[in-house]
Amino acid sequence: MSSSVIPAPNSRSVAQQRAPSSLRVYVTETKYEIIKQMRIPAFMIPTIGFPIMFYVLFGIVMPGNGGTSHYASTYMLATYGAFGVIGIALFALGVGVAVERGQGWLAVKRASPMPVSAYFAAKYVTTLVIGVVLMLLMCAVGAVFGHVRMPMSQWLLLVVAETLGAIPFCAMGLAIGYLAGPNSAAAIVNVIYLPMAFLSGLFIPAEMLPRFLQGFAVALPPYHLGRLALDAVGIEPASHALGHIAALIGFGLLFTIIAFIAYRRDEGKTYG
Amino acid sequence: MTATAPAARLTSVSKSYHDNVALRDVSLDIGPGVVVALLGPNGAGKTTTVKLLLGLAAPTSGSVELFGQDPRNTASRRRIGAMLQVAKVPETLRVREHIDLFRSYYPSPMAAADVYAAAGLEGLEGRKFGDLSGGQRQRVLFALAICGDPDMLFLDEPTLGFDVEARRSFWEQIRGFVSRGRTVLLTTHYLEEADALADRIVVIDHGSVIADGTSAQIKQRVSGRRIRCTTRLSEVDLRAIPGVTDVRYDRGNAELIVAHAESVTRELLWSDETLSNLEVSGIQLEEAFLALTHSKEAA
């Protein structure tokens, strides 16, 4: 047979046959997942831009404190920060998985020797990295325009709480990604995300909601992330933090189980 | 274990999706170093066969082996590469980045420069996937399939939607890669493509293997002529004429696919003296192939 370009096949010594360092696979997978997401303007503008815009509007401009009181700008930094990181988890991870699974890209990766766990780990880490970027931007906006003043330890605590607090929402995103089709996932996330954030008191404090909705808030995972963030900035008593952390861990486990069942069900369609 | 152990093997495999039977009792050995084309119309079960061998789907019954192992094993996945039909590939990564990522999955991947050369991607390394043309995108998917320097390559409809020019040039790329003693399973619904690339052609239709042989053997079975005419003979009468493999009707005219035009024409004129508008022509490969699948179905 004729051929155009024929590089010689690699000679394979025994040493070369060993598996690629699994850590390297995880790092490479994560690196490209972050690059891939960061280059999607249709993703970055709403997920990073909207929380900052809402925060500036409702946390800084509308309260109109003019620097005399920074209560509202501190409060809203915590709650819109929670709103932002949850959005990243549900859209970047949840919708991303649904689309890649439904449009055949995941099958190409599954047919390769890529460990499935590297795929999921990369999605989680990417969500957390984008979450940190969002929080740093929001903190800068809060400090400069909202005159938020806190000790350094509280700034750090806020970023850590919001970022790690996004993990249960990564699991929620994964569950949606495995339950929803590629075309319906974004619509489903929108239907869940905004009402859930509103009822959890992320837009206006839960205490200002009608009484019958307030009881409902406790049952929603974003409520606990919002409260945890308010603990971090010193608005809520720190003694409540453990309860919110426990609730977030509980929701995280619940969503992980749902995601796992959905994953197995999806495998069952093909493998089972 | 031995040189003759098959690279891939299906043993009495059936696969159903809910009530749809995609494969019925298919047994197939694919020897090492052989280029096999799985040829069949849409929905014949070609992609299902590939998915089973890649461990992306489980057989309803029967067994599937890749290098003597479960196809889901990482060890067997390290020895294969697959070009699948994908609706959407991440568009914001550059060609170089996609290939770098897939190379990282394999223990001894090809050098990146060799991958670009073998897939015809030189000069496109810095392009984002979303900025590539349809043909270039297929080349990237081909590059992802070969970058691990696999012993066995799966190509599922690699040139679907290509124009003739692009298809021929892509065949060169595939030939260049497979001439190095790799095992290949190619699915296609173009007989011409199977003919151009494969040592062995397995024709599959409605989930069953209906023919299996070299390109010459398959072509011999599907060669034939088409006779068009206006006749008062019924379809049953027409089918009863020896050498008629298929009968269709087109705007009141009968269309016969036949093995030998002369004997059938003689028979037609003898049986129906009112016969008119007689026309004899060669048949397209596609029609020949349909004739083969139809005649088997009737049998």
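Quick notes
- Apart from one condition, B:GLU125 fits all of (1) under 24 Å from B:PRO90 (Cβ atoms); (2) charged (D, E, K, R); (3) in contact (Cβ under 8 Å) with a residue 40 or more places away in the chain; the exception is (3).
- First in segment B:78-101 and facing chain A (nearest Cβ under 7 Å), second anywhere and in a strand (DSSP E or B) and of a type in the set (Lys, Arg), Cβ under 8 Å, 6 or more apart: B:THR92/B:LYS128; B:LEU93/B:LYS128
- If you go through segment B:183-193 and keep only what is modelled with pLDDT of 90 or more and either among the aliphatic types (A, V, I, L, M) or over 10 Å from the mean Cα position of the chain (by Cα) (or both), you end up with B:THR183, B:VAL184, B:LEU185, B:LEU186.
Residue-by-condition table, conditions (1) touching a residue at least 24 places away in the same chain (Cβ under 8 Å); (2) buried (at least 24 other Cβ atoms within 10 Å of the Cβ):
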| site | (1), (2) |
| --- | --- |
| A:GLY94 | yes, yes |
| A:ARG110 | no, no |
| A:PRO115 | yes, no |
| A:LEU128 | yes, no |
| A:VAL132 | yes, no |
| A:SER153 | no, no |
| A:LEU174 | yes, yes |
| A:TYR178 | yes, no |
| A:ALA186 | yes, no |
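- Which listed residue is of a type outside the set (Ser, Thr, Tyr), within 14 Å of another protein chain (Cβ to nearest Cβ) and outside any loop (DSSP other than H, G, I, E, B), from B:VAL184, B:VAL202, B:VAL209: B:VAL184
- Residue satisfying all of: in segment B:229-242; surrounded by 16 or more Cβ atoms within 10 Å (Cβ to Cβ) and touching a strand residue (DSSP E or B) at 6+ places or on another chain (Cβ under 6 Å); farthest from B:LEU39 (Cα to Cα) among these: B:THR231
- Exactly one residue out of A:SER2, A:SER22 is touching a helix residue (DSSP H, G or I) at 6+ places or on another chain (Cβ under 9 Å), over 27 Å from A:MET114 (Cβ atoms), within 14 Å of chain B (Cβ to nearest Cβ) and at pLDDT below 90: that is A:SER2.
Conditions (1) in a helix (DSSP H, G or I); (2) without any contact (Cβ under 8 Å) to a residue 40 or more places away in the chain; (3) not β-branched (Val, Ile, Thr), marked per residue:
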{"position": "B:ALA113", "(1), (2), (3)": "yes, yes, yes"}
{"position": "B:ARG137", "(1), (2), (3)": "yes, no, yes"}
{"position": "B:PRO150", "(1), (2), (3)": "no, no, yes"}
{"position": "B:LEU155", "(1), (2), (3)": "no, no, yes"}
{"position": "B:TRP171", "(1), (2), (3)": "yes, yes, yes"}
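- Verdict on A:ARG24 being without any contact (Cβ under 8 Å) to a residue 40 or more places away in the chain and exposed (fewer than 14 other Cβ atoms within 10 Å of the Cβ): yes
- If you check B:ALA5, B:ALA37, B:ALA57 for being out of contact with any strand residue (DSSP E or B) (no Cβ under 6 Å at 6 or more places or on another chain), within 22 Å of B:THR214 (Cα to Cα) and among the aliphatic types (A, V, I, L, M), only one passes: B:ALA5.
The values are calculated or read from the model by the stated rules, or taken from the named source; none is laboratory data. Remember, it's a predicted structure, so these values are computed and weren't measured experimentally. Every residue, glycine as well, gets a Cβ built from its backbone with ideal geometry; the counts of neighbours run over all protein chains shown.
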